[in-house]
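Input: a single structure, listed below in structure tokens.
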């Protein structure tokens with residue numbers, strides 16, 4: 001009897017250690033999950049379902065090429081599913097999907113399938129910030145000491161919203177957080193935060209990394225602080241501001257906060273299952289563990305679709321939604337206190353760069369943001385010269401982000417080449 005009791009106690013201790021250490025391993029190893037259990041793996045069934053939805057018949061040829069590239073890319077990176085959308089000349093022209101939203105249920109990806117978008121959420125927050133700036137409800141360069149919530153956090157009083165939005169405020173990122181209880185919460189990912197100001201407790205006892213504006217250090221927690229400031233400045237909950245000022249005006253009907261663990265809603269039926277892989281060269285995956293990302297909502301907690309992300313990009317290009325002067329400011333790489341442009345060419349909630357798309361497209365300026373989340377990756381790219389937006393999402397992870405994101409370049413080429421051919425065809429001969 002005694003031996004049985006000892007055996008049970010050992011099993012309980014092992015189970016407790018597993019529950020405690022599994023998320024820690026995931027966090028610090030940057031791997032998808034604990035190497036155990038060995039069960040639960042499924043193969044990605046081939047052939048996978050696909051949908052090639054052409055919304056402008058002038059781009060039928062480009063769409064046919066794009067869906068083939070999307071299918072090839074999904075198989076090359078062994079993602080269960082992939083979704084993409086393209087707008088050009090200011091209108092949505094194509095939606096393409098391939099693969100599975102849920103392998104076990106045999107549920108295909110469709111254009112309304114929602115993905116975790118990770119740090120692409122920062123572009124959403126930036127859009128709200130731009131709208132608030134041009135309405136005068138928040139000032140980018142006024143220190144946070146003017147806000148009541150900062151009375152509790154004197155170490156943050158000299159930071160400005162601009163510095164938070166451009167990662168130059170000195171706020172730590174997740175793995176730099178020295179608030180040990182908060183750090184564990186960002187590792188365990190099982191705590192629900194119902195208000196963005198509550199999420200400040202995750203890092204309110206952490207040391208800052210440097211004086212505001214002195215250096216660049218990417219920080220999702222800085223965007224969380226920014227969202228709490230925006231909430232106070234806007235006089236409404238952050239989530240409500242996002243809905244009324246961004247999502248509703250742009251028709252982003254499939255962008256939302258992921259439901260709390262264990263709570264099923266009718267809307268949740270469109271959320272993809274998220275998958276982890278032991279070896280990304282093999283088409284074998286298993287479901288990711290349940291996580292709650294509410295502590296990072298503004299920085300990496302939204303779910304969305306490729307189509308909704310394209311709508312966001314188109315909105316940012318609309319002069320009646322984001323004023324040209326505001327857009328230029330938000331799409332200008334920010335400078336440190338010493339006058340040097342930050343090392344990542346980071347603007348205000350967006351990265352900006354000139355990219356060589358090769359012949360026949362050439363070099364084009366674009367504003368973009370990517371995101372990596374538990375069992376999902378996201379990419380949004382806006383090319384102002386052609387009023388063009390491309391978004392791509394998957395329900396798995398790749399070792400290197402651009403192994404996933406590079407398909408967007410092929411989509412840009414296909415649709416811009418088709419556009420160029422249309423323009424040439426309309427020119428008078430002789």
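The values are calculated or read from the model by the stated rules, or taken from the named source; none is laboratory data. Note that the coordinates shown come from a computational prediction; the quantities given were computed from them, not determined experimentally. As a convention, Cβ positions derive from the backbone with ideal geometry for all residues, glycine included, and neighbour counts pool all protein chains shown.
Total residues in the stretch 173-198 satisfying the condition of being buried (at least 21 other Cβ atoms within 10 Å of the Cβ), under 20 Å from the mean Cα position of the chain (by Cα) and not in a helix (DSSP H, G or I): the figure is 1. Among the candidates 150, 159, the residue that is at negative phi, buried (at least 20 other Cβ atoms within 10 Å of the Cβ), more than 24 Å from the chain's Cα centre (by Cα) and assigned to a helix (DSSP H, G or I) is uniquely 150. For residue 272, the test of being under 18 Å from the mean Cα position of the chain (by Cα) and in contact (Cβ under 8 Å) with a residue 24 or more places away in the chain is passed. When the stretch 46-57 is filtered for residues that are crowded, with 16+ Cβ neighbours inside 10 Å and not in a loop (DSSP other than H, G, I, E, B), the ones remaining, listed by number, are 50, 52, 53, 54. In this entry, residue 333 is excluded by the filter for residues that are in contact with a strand residue (DSSP E or B) (Cβ under 8 Å, 6 or more places away or on another chain), in contact (Cβ under 8 Å) with a residue 12 or more places away in the chain, in a strand (DSSP E or B) and farther than 17 Å from residue 84 by Cα. Within the option set 201, 142, being surrounded by fewer than 19 Cβ atoms within 10 Å (Cβ to Cβ), out of contact with any strand residue (DSSP E or B) (no Cβ under 9 Å at 6 or more places or on another chain) and not in a helix (DSSP H, G or I) holds for one residue only, 142. Exactly one residue out of 258, 232, 240 is farther than 26 Å from residue 135 by Cβ and either without any contact (Cβ under 8 Å) to a residue 24 or more places away in the chain or surrounded by fewer than 20 Cβ atoms within 10 Å (Cβ to Cβ) (or both), and it is 258. Filtering 366, 387 for residues that are within 30 Å of residue 139 (Cβ to Cβ), touching a residue at least 60 places away in the same chain (Cβ under 8 Å) and touching a strand residue (DSSP E or B) at 6+ places or on another chain (Cβ under 9 Å) leaves a single hit, 387. For the stretch 85-93, check the following and say yes or no: at least one residue is on the phi > 0 side of the Ramachandran plot and either assigned to a loop (DSSP other than H, G, I, E, B) or modelled with pLDDT under 95 (or both). Among the residues of the stretch 85-93, at least one is on the phi > 0 side of the Ramachandran plot and either assigned to a loop (DSSP other than H, G, I, E, B) or modelled with pLDDT under 95 (or both), which makes the answer yes. Reported count of residues in the stretch 65-84, each being outside any strand (DSSP E or B) and touching a helix residue (DSSP H, G or I) at 6+ places or on another chain (Cβ under 9 Å), is 11. Checked against the criterion of being over 14 Å from residue 293 (Cα atoms) and touching a helix residue (DSSP H, G or I) at 6+ places or on another chain (Cβ under 8 Å), the candidates 152, 134 yield just one match: 134.
The residue that is surrounded by the fewest Cβ atoms within 10 Å (Cβ to Cβ), counting only those in the stretch 94-138 that are at positive phi and part of a loop (DSSP other than H, G, I, E, B), is 136.
With respect to (1) outside any loop (DSSP other than H, G, I, E, B); (2) more than 18 Å from residue 118 (Cβ to Cβ); (3) in contact with a strand residue (DSSP E or B) (Cβ under 8 Å, 6 or more places away or on another chain), the lone exception for residue 327 is condition (3).
Just a yes or no: is a residue in the stretch 288-308 more than 16 Å from the chain's Cα centre (by Cα), assigned to a strand (DSSP E or B) and at pLDDT 95 or above? Scanning the stretch 288-308, I find no residue that is more than 16 Å from the chain's Cα centre (by Cα), assigned to a strand (DSSP E or B) and at pLDDT 95 or above, so the answer is no.
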